[in-house]
Amino acid sequence: MAKNDHNLSIGDKDCPLRVGFLLIPGFALMSYASAVEPLRAANVLTGRNLYCWRHIAIHGGETAASNGVRIHADASIANVGRLDTVVVCAGGNPQTFDHPPTLAFLRSAARHGVRLGGVSAGPYLLAEAGLLDGYRCTVHWEHIPAFVERFPHLQLSHSLFEIDRDRFTCAGGIAALDMMHALIRIDHGAGVAAAVSDWFLQTQIRRGEVAQRLSPTERFGVHHPKLVETLLRMEQKIETPLAPSELAVCVGISLRQLERLFARHLGTTIGRRYQRIRLERAKVLLRQTTVPIGEIALATGFAAPMHFSRSYRRHFGVAPRQERKAR
C-alpha cells in the first residue's frame, strides 16, 4: 500500500489514484454506486486516468448487496495489492459484523498511510477498528443510536459527510455524491469536481454539514410550530421523558392547548405519541446493539422491564426478545 500526501493533486496519466472498495456483505448499493460512479466520470470527462479502482471482498469471489445484486471482487483482503484509498461499503446491521482479519486489514492500511473512508454503515467498521479516534465522523442516522452506545468517545456529527485529514465518512445514500464532489475537488480541483456533478445532473451540491434528515415539518407531516417543537423535544428526551405539563411549559402554551393540537393534527394523545417515539428508538437499539434488554428499557424511559415488554408487544406485535432474535 502506497503512502500519499492527500492535500495535493495526486492523479495523473502515469499514476492514477488507486481506490479499493471494500464490500461488506449486505452493503448498500445506492451508497456504493454514488461513490464509485463519480470516479468513472472524472476519468471520462478529463480523458485522463485519474482514478482506478478495485472491488475487495473479505474472501474474494462475489459479495451480495442488501438488495441481492452481486458484485464479483477483484481481490480479497489477503491479496489486495497497492492502494491509496480504501472505501468501506456496508449496510444492514454493522453491529453484528465480527471478522477480526478485516479490522486488521484496515489497521494495516492506516499504518501505511492509506486514506480511509466509509459510507452508510461503513464508518461503524472504521470505528470498530479504532481508526476514527480523534477524527470528526458521521454515520447514517439509522445507525446513530447504536453508534453512540458503542463509541461514546468519538466526535460524531449528524451531517451528510465529514472529511477530516485522511479520514472521510458519509451517511450514505445519495449523500455520497456530495462527498465525492468534495474529494475530487481536493484531488483534482474545482473544475473537475464541477464537471462531474454537472454530468450527474447534480444541480445542487450540498456541503458536508447539511443535516441528514428532512426538516421536522416534512418529517412529522405537521406545520404547527408549537407541535413541531414539542415533537422535537420528545425525540431529545428519550431516557428521561417529560410529563405532558412540562412539554406544554417548554413550548409556551397550556396543557389543554397542547392536547388539542395532538388530537387535531395527529389524531392521538401526547402520551401515546411520546411512547411511540420511545419504542421506535428501542427497536433500533434492539436490532443494532447487544445492550441488554433491561438497559434498553431504561434508556428509553421505561422504569420496569415488564412494562417495557408489554408496551413493545402491544405496539409492534412481538416481544423485545423476539425482535432481537429476528434481526
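The values are calculated or read from the model by the stated rules, or taken from the named source; none is laboratory data. Nothing here was measured: the structure is a model prediction, and the numbers come from that model. In this analysis, Cβ positions are derived from the backbone assuming ideal geometry, glycine residues included, and neighbour counts consider all displayed protein chains.
In table form, for the structure just shown:
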item: Whichever residue in the stretch 123-159 is buried (at least 24 other Cβ atoms within 10 Å of the Cβ) and hydrophobic (A, V, I, L, M, F, W, C) and, among such residues, is modelled with the lowest pLDDT; result: F147
item: Entirely in the stretch 217-294, the helices (runs of 4 or more DSSP H) that have 1 or more residues that are under 22 Å from the mean Cα position of the chain (by Cα); result: 225-236, 270-288
item: Matching entry among L227, L232, L261 (being exposed (fewer than 15 other Cβ atoms within 10 Å of the Cβ), out of contact with any Ser or Thr (no Cβ under 7 Å at 6 or more places or on another chain) and farther than 23 Å from R313 by Cβ); result: L232
item: Check on N49, at pLDDT 90 or above, within 23 Å of the chain's Cα centre (by Cα) and surrounded by fewer than 16 Cβ atoms within 10 Å (Cβ to Cβ); result: no
item: Some residue of the stretch 299-307 being at pLDDT below 95, within 28 Å of the chain's Cα centre (by Cα) and part of a helix (DSSP H, G or I); result: yes
item: Number of positions in the stretch 20-75 that are more than 22 Å from L160 (Cβ to Cβ), touching a Phe, Trp or Tyr at 6+ places or on another chain (Cβ under 9 Å) and of a type in the set (S, T, Y); result: 1
item: All positions within the stretch 59-101 that are under 27 Å from V148 (Cβ atoms) and in a loop (DSSP other than H, G, I, E, B); result: S66, G91, G92, N93, F97, D98, H99
item: From A65, A57, A121, residue being touching a residue at least 60 places away in the same chain (Cβ under 8 Å) and either within 27 Å of L285 (Cα to Cα) or in contact with a strand residue (DSSP E or B) (Cβ under 8 Å, 6 or more places away or on another chain) (or both); result: A121
item: Residue satisfying all of: in the stretch 82-104; touching a residue at least 60 places away in the same chain (Cβ under 8 Å) and more than 23 Å from M180 (Cα to Cα); nearest to the chain's Cα centre (by Cα) among these; result: N93
